[in-house]
Amino acid sequence: MSWFIQTCRSSLGKKYIMALTGFLLGGFLLVHTIGNSTIFWGREAFNAYAHHLHSLGIFVPIFEIGLYSIFFIHVITGVLLWLQNRKARGPQKYEVQTNPGGRTWGSQTMIYTGATIFVFILIHLANFHFVEKTEVLTISDIVTKVLNNPGFTLIYIIGMSVLALHISHGFWSLLQTFGINDPQYNAPIRVVTWAVAAIMITVFVLITLLLVVSQNQLLG
C-alpha cells in the first residue's frame, strides 16, 4: 500500500489521477449531453428521460456519491498539482515555458477555469438538482423557469464557454499523460480535442438560447 501512497504523492502520480478522473468526468458530461438533448423533442421526451433516470432507485444515490467523489478528487488533486508546480517554478515562473502542444489559453488558465466551473456547478446543482420536483412542477418546468431568467442565461452561457476551454486542454493533457504524443499527429489531436469540447458545449448553449427565443414554447 505504501507504494500506492508514494505514487499518489508524486507529481506523475497526481497527473495520472487527474487524467483518470478527468476522463470519467468527461464521460459523464458526454452522457449528460446526450440525455439533455432530449429537450429538443419537447416536454414529454425530456420529462420521460428524467423519470427514467430516477426510476433506477438505489443506483441513483450510489452513482451520485461516486460522481461527487471523483469530482472532488479531481479538484483537490488539481489544486495540489498547481501548488506543487508553482513552488517548483519559483522565481522563474514568468519565463517562457514550452510543452509538446505549446502554451494555449486552456493550459495557462486551467486553475482559473477550474475554479469558475466549480462555482458554476454549485449554481447548477442549486437550480436543478437540490430542488423539489413533483408531478405538477416537473424538471422541464424548472429548466424553463431558470433559463428564461436573463441573469441565469448569461451565467450559463459564460459557464459553458469556460467549460469548453477547460475540457479542450484537459482532453489534450489526458492524451499527453497516457503517452499519446507524436509531432506528426499533435495538430490533428488538438483539432479533435477542440471539436469534442465544442460539440458538447454547443448542445448546452443551444438549449439555453432556444428556451430564451422560444419563450416557453419548446417545452410547452
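So in the range 174-187, with the set limited to residues that are among the polar types (S, T, N, Q) and surrounded by 14 or more Cβ atoms within 10 Å (Cβ to Cβ), which one is modelled with the lowest pLDDT?
Asn181
Looking at (1) under 24 Å from Ile76 (Cα atoms); (2) more than 19 Å from the chain's Cα centre (by Cα); (3) among the small types (Gly, Ala, Ser), which is the one condition that is false for Ser140?
(1)
Take the conditions surrounded by 13 or more Cβ atoms within 10 Å (Cβ to Cβ) and either at pLDDT 85 or above or in a loop (DSSP other than H, G, I, E, B) (or both) and apply them to Ala164. Does it pass?
In short, yes.
Kindly indicate which of Phe171, Phe152 is surrounded by 14 or more Cβ atoms within 10 Å (Cβ to Cβ) and either farther than 27 Å from Ile111 by Cα or free of Cβ contacts under 8 Å to residues at least 60 places away in the same chain (or both).
None of the other options fit; the residue is Phe152.
Within the range 152-171, work out how many residues are of a type in the set (A, V, I, L, M) and touching a Gly at 6+ places or on another chain (Cβ under 7 Å).
Here is the first cut: in the range 152-171, the residues of a type in the set (A, V, I, L, M) are 154-155, 157-158, 160, 162-165, 167.
Imposing the further condition that a residue be touching a Gly at 6+ places or on another chain (Cβ under 7 Å) reduces the set to 165, 167.
Going through the range 152-171 one residue at a time, the tally reaches 2.
If you check Gly106, Gly101, which single one turns out to be modelled with pLDDT under 75, assigned to a loop (DSSP other than H, G, I, E, B) and surrounded by 14 or more Cβ atoms within 10 Å (Cβ to Cβ)?
Gly101
When residues of the range 35-48 are filtered for being surrounded by fewer than 16 Cβ atoms within 10 Å (Cβ to Cβ) and either of a type in the set (Gly, Ala, Ser) or at pLDDT 90 or above (or both), how many remain? Even if it seems obvious, please write down each step before you answer.
Of all residues in the range 35-48, those surrounded by fewer than 16 Cβ atoms within 10 Å (Cβ to Cβ) come to 35, 40-42, 44-45, 48.
Then keep just the ones that are either of a type in the set (Gly, Ala, Ser) or at pLDDT 90 or above (or both); that gives 35, 42, 45, 48.
Total meeting the criteria: 4.
Need a quick list: helices (runs of 4 or more DSSP H) entirely within the range 1-68 having at least 3 residues that are in contact (Cβ under 8 Å) with a residue 12 or more places away in the chain.
Where helices (runs of 4 or more DSSP H) fall fully within the range 1-68 and carry at least 3 residues being in contact (Cβ under 8 Å) with a residue 12 or more places away in the chain, they are 11-36, 43-54.
Might you check whether a residue that is over 27 Å from Ile167 (Cα atoms), surrounded by fewer than 16 Cβ atoms within 10 Å (Cβ to Cβ) and in contact with a Lys or Arg (Cβ under 9 Å, 6 or more places away or on another chain) occurs anywhere in the range 4-11?
We begin by selecting, within the range 4-11, every residue over 27 Å from Ile167 (Cα atoms); these are 4-6.
With the extra rule that they be surrounded by fewer than 16 Cβ atoms within 10 Å (Cβ to Cβ), the set shrinks to 4-6.
From what is left, the residues that are in contact with a Lys or Arg (Cβ under 9 Å, 6 or more places away or on another chain) are none.
Checked against the condition, which is being over 27 Å from Ile167 (Cα atoms), surrounded by fewer than 16 Cβ atoms within 10 Å (Cβ to Cβ) and in contact with a Lys or Arg (Cβ under 9 Å, 6 or more places away or on another chain), the range 4-11 yields no hits at all.
Collect the residues in the range 117-151 that are modelled with pLDDT under 90 and over 19 Å from Ala50 (Cβ atoms), keeping them in residue-number order.
Residues satisfying the conditions are Asn149, Pro150, Gly151.
The values are calculated or read from the model by the stated rules, or taken from the named source; none is laboratory data. Since the structure is predicted, the reported quantities are computational estimates derived from the model, not experimental observations. Counting neighbours? That spans all protein chains shown, and the Cβs are built from the backbone with ideal geometry, glycine included.
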